[in-house]
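Report on the structure given below.
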Amino acid sequence: MLDPVTVVASMLLGVPFGLVGLHGISRWIGKRRNGQELCGHCGGPLYASGSRDGPALLEGIHICSPCAASNTNRLRRALRIVAGLALVSIGSGIAMAVVMGGIWWAAPLFAGMESAVLYGGTLAWMKRANRKRAAELTAAGEIWAPLLCTPTVASVARTAAETGT
Ligand SMILES: [Zn+2]
């Protein structure tokens, strides 16, 4: 039998760090695809056929315009899942506090802090990755400076493609 303390403790620590790990893997795949001029998400061509939109940047990874269009929804869903997992993590911390007593009152607090740091850190890091990559591409003459500030990446990219700048 698994020791319940071990299970809860590993959930407390494992859930957020597991998410970071998964994220790292998907980024690694995206970078590899980008290296082959492919969309970091779907692995299709960066300039999707039937679309005049150029690729967009997501977390420093190049994605095709259909992916950019669907990404807003996807991101919203992902953030909800992360929030749900954070609640699970905090909830298990509270359960620990109730069952174990003593110093375990700190468990839900720790889980909450951990989630907040990861959440805020991820958002800040996403913005930074985008700025860095956009600066590189601008220097290489591949992309347009307005992309530096996101969130309407797709529309900015379209405007730039239409005006040919
Ligand atoms: Zn794509």
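Answer with yes or no whether Gly102 is closer than 19 Å to Gly121 by Cβ and either within 16 Å of the ligand (Cβ to nearest atom) or not polar (S, T, N, Q) (or both).
On the way: closer than 19 Å to Gly121 by Cβ: no; either within 16 Å of the ligand (Cβ to nearest atom) or not polar (S, T, N, Q) (or both): yes.
So Gly102 does not fit the description; no.
What number of residues within segment 79-98 are over 24 Å from the mean Cα position of the chain (by Cα) and surrounded by 13 or more Cβ atoms within 10 Å (Cβ to Cβ)? If you could, list the steps in order and put the result at the bottom.
Narrowing segment 79-98 to residues over 24 Å from the mean Cα position of the chain (by Cα): 92-98.
Those left that are additionally surrounded by 13 or more Cβ atoms within 10 Å (Cβ to Cβ): 92-97.
Number satisfying all stated conditions: 6.
If you scan segment 42-63, which residues turn out to be buried (at least 16 other Cβ atoms within 10 Å of the Cβ) and either more than 13 Å from the ligand (Cβ to nearest atom) or modelled with pLDDT under 85 (or both)? Spell out how you get there, then give the answer.
Filtering segment 42-63 down to residues buried (at least 16 other Cβ atoms within 10 Å of the Cβ) leaves 46, 48, 53-63.
Passing the criteria: Leu46, Ala48, Asp53, Gly54, Pro55, Ala56, Leu57, Leu58, Glu59, Gly60.
Within segment 30-45, identify whether any single residue is in a helix (DSSP H, G or I) and under 13 Å from the mean Cα position of the chain (by Cα), and answer yes or no. Full working, then the answer.
From segment 30-45, those in a helix (DSSP H, G or I) are 30-35; that's our starting set.
Retained after the next criterion (residues that are under 13 Å from the mean Cα position of the chain (by Cα)): 30.
Scanning segment 30-45, I find at least one residue that is in a helix (DSSP H, G or I) and under 13 Å from the mean Cα position of the chain (by Cα), so the answer is yes.
Each row is one residue, and each column tells you yes or no for (1) free of Cβ contacts under 8 Å to residues at least 40 places away in the same chain; (2) touching a Ser or Thr at 6+ places or on another chain (Cβ under 8 Å).
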| site | (1), (2) |
| --- | --- |
| Pro55 | no, yes |
| Glu59 | no, no |
| Ile63 | yes, no |
| Asn71 | yes, no |
| Ile81 | yes, no |
| Leu87 | yes, no |
| Ile90 | yes, yes |
| Ala97 | yes, no |
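The values are calculated or read from the model by the stated rules, or taken from the named source; none is laboratory data. Computed from a predicted structure; not experimentally measured. For neighbour counting, all protein chains shown are included, and Cβ atoms are generated from backbone atoms with ideal geometry for every residue, glycine included.
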